[in-house]
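Trainee: Questions regarding the structure given below will be posed in turn.
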Amino acid sequence: MTMITTEQATIDRWDDVQHSLSGGGDGRSCQCIWPVVARKDWQSSTFDERRDMLRDEIATGPPPGLIAYVDGEAAGWVRVGPRSAQTRILRTRAIAGATAESLDDESVWAITCFVVRREHRGKSLTAQLLRTAVDFAAESGARVIEAYPVDTSEGTHRANDLFHGTLSTFLAQGFQKTAELPAGRVLVVHEVEGAAALP
């Protein structure tokens, strides 16, 4: 029986982070830096610079993501953390205009990126990573969790375009659809049960 586990992305797991980001899609070249830097900075950065940025982010902490393991092998990745630290979201006008939450509210977290190695696709790793990311956010003090997945109910979609996750996966985990975004994406929200509302 296949065993799937998840762990926080800490610096002692750096090699596993790199393994989980490679093996399919754009994860290796992006290094999951896309959500945390401005467009022009991402476009002008090299692979080595992106890798170093991610390494520094993980070394500084707290963990910016989680790693999924299949029978002990690093197989997938999800970025999850305070929305205020994910610069690209704050600068995306469609999201900024659609969210009901203040952009500087650190109790609002965001799940922004998934990577699964090709040989491990079809094993529900994205759903497992999402469940664990929700738990991690809640345990870390999140009040609300946002995400911006792709609605795959119509049209065709390349696997490389689904790094935001799919709407059906988020809805199955209890997220609520709140607004349509451009390019077939949707703003979804999960309110953390028992989280204290801001005064």
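Trainee: Return yes or no: is residue 29 at pLDDT below 95 and among the polar types (S, T, N, Q)?
Mentor: Here the answer is yes, as residue 29 does meet what is asked.
Trainee: So, of the residues in the range 33-69 that are without any contact (Cβ under 8 Å) to a residue 24 or more places away in the chain and not in a helix (DSSP H, G or I), which turns out to be nearest to residue 140 (Cα to Cα)?
Mentor: Per the stated criteria, the residue is 33.
Trainee: Something else: Output the qualifying pairs, or none if there are none: Cβ atoms under 6 angstrom, residues six or more apart or on different chains, first residue in the range 2-15 and in contact (Cβ under 8 Å) with a residue 12 or more places away in the chain, second residue surrounded by fewer than 16 Cβ atoms within 10 Å (Cβ to Cβ).
Mentor: 3/71; 11/59
Trainee: Looking at (1) touching a residue at least 12 places away in the same chain (Cβ under 8 Å); (2) surrounded by 15 or more Cβ atoms within 10 Å (Cβ to Cβ); (3) more than 14 Å from the chain's Cα centre (by Cα), find the lone condition where residue 92 falls short.
Mentor: (1)
Matching residues to (1) touching a Lys or Arg at 6+ places or on another chain (Cβ under 9 Å); (2) among the basic types (Lys, Arg); (3) at pLDDT 95 or above:
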position: 11; (1), (2), (3): yes, no, yes
position: 17; (1), (2), (3): yes, no, yes
position: 43; (1), (2), (3): no, no, no
position: 54; (1), (2), (3): no, no, yes
position: 62; (1), (2), (3): no, no, yes
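Trainee: If you don't mind, there's one more thing I want to ask. Which of the residues that make up the range 16-32 are more than 20 Å from residue 92 (Cα to Cα), assigned to a helix (DSSP H, G or I) and more than 12 Å from the chain's Cα centre (by Cα)?
Mentor: Listed by number, the residues that qualify are 16, 17, 18, 19, 20, 21, 28, 29.
Trainee: Can residue 186 be described as buried (at least 21 other Cβ atoms within 10 Å of the Cβ), touching a helix residue (DSSP H, G or I) at 6+ places or on another chain (Cβ under 7 Å) and over 26 Å from residue 4 (Cβ atoms)?
Mentor: yes
Okay, residues lined up against (1) under 27 Å from residue 29 (Cβ atoms); (2) charged (D, E, K, R); (3) in contact with a Leu (Cβ under 6 Å, 6 or more places away or on another chain):
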{"position": "94", "(1), (2), (3)": "yes, no, yes"}
{"position": "97", "(1), (2), (3)": "no, no, no"}
{"position": "100", "(1), (2), (3)": "no, no, no"}
{"position": "116", "(1), (2), (3)": "yes, no, yes"}
{"position": "125", "(1), (2), (3)": "yes, no, no"}
{"position": "143", "(1), (2), (3)": "no, yes, no"}
{"position": "146", "(1), (2), (3)": "yes, yes, no"}
{"position": "151", "(1), (2), (3)": "yes, yes, yes"}
{"position": "159", "(1), (2), (3)": "yes, no, no"}
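Trainee: Across the range 77-102, which residue is farthest from residue 178 (Cα to Cα) among those that are touching a strand residue (DSSP E or B) at 6+ places or on another chain (Cβ under 9 Å) and in a loop (DSSP other than H, G, I, E, B)?
Mentor: 86
Trainee: When you go through 81, 72 one by one, which is the residue that is surrounded by fewer than 19 Cβ atoms within 10 Å (Cβ to Cβ), modelled with pLDDT of 95 or more and under 26 Å from residue 128 (Cβ atoms)?
Mentor: Answer to the check: 72.
Trainee: To continue, here is another question. Which of the residues belonging to the range 103-154 are farther than 18 Å from residue 66 by Cβ, part of a loop (DSSP other than H, G, I, E, B), among the charged types (D, E, K, R) and open to solvent by 60 Å² or more (accessible area, probe 1.4 Å)?
Mentor: 104, 106, 154
The values are calculated or read from the model by the stated rules, or taken from the named source; none is laboratory data. In this text, all values refer to a predicted model and were calculated from it rather than measured experimentally. Glycine also receives a Cβ, built like all others from the backbone with ideal geometry; neighbour counts cover every protein chain displayed. Ligands, DNA and RNA are stripped out before the accessible areas are found, and what is left, the full protein with its side chains, is counted by its heavy atoms. Shrake-Rupley method; radii C 1.70, N 1.55, O 1.52, S 1.80 Å.
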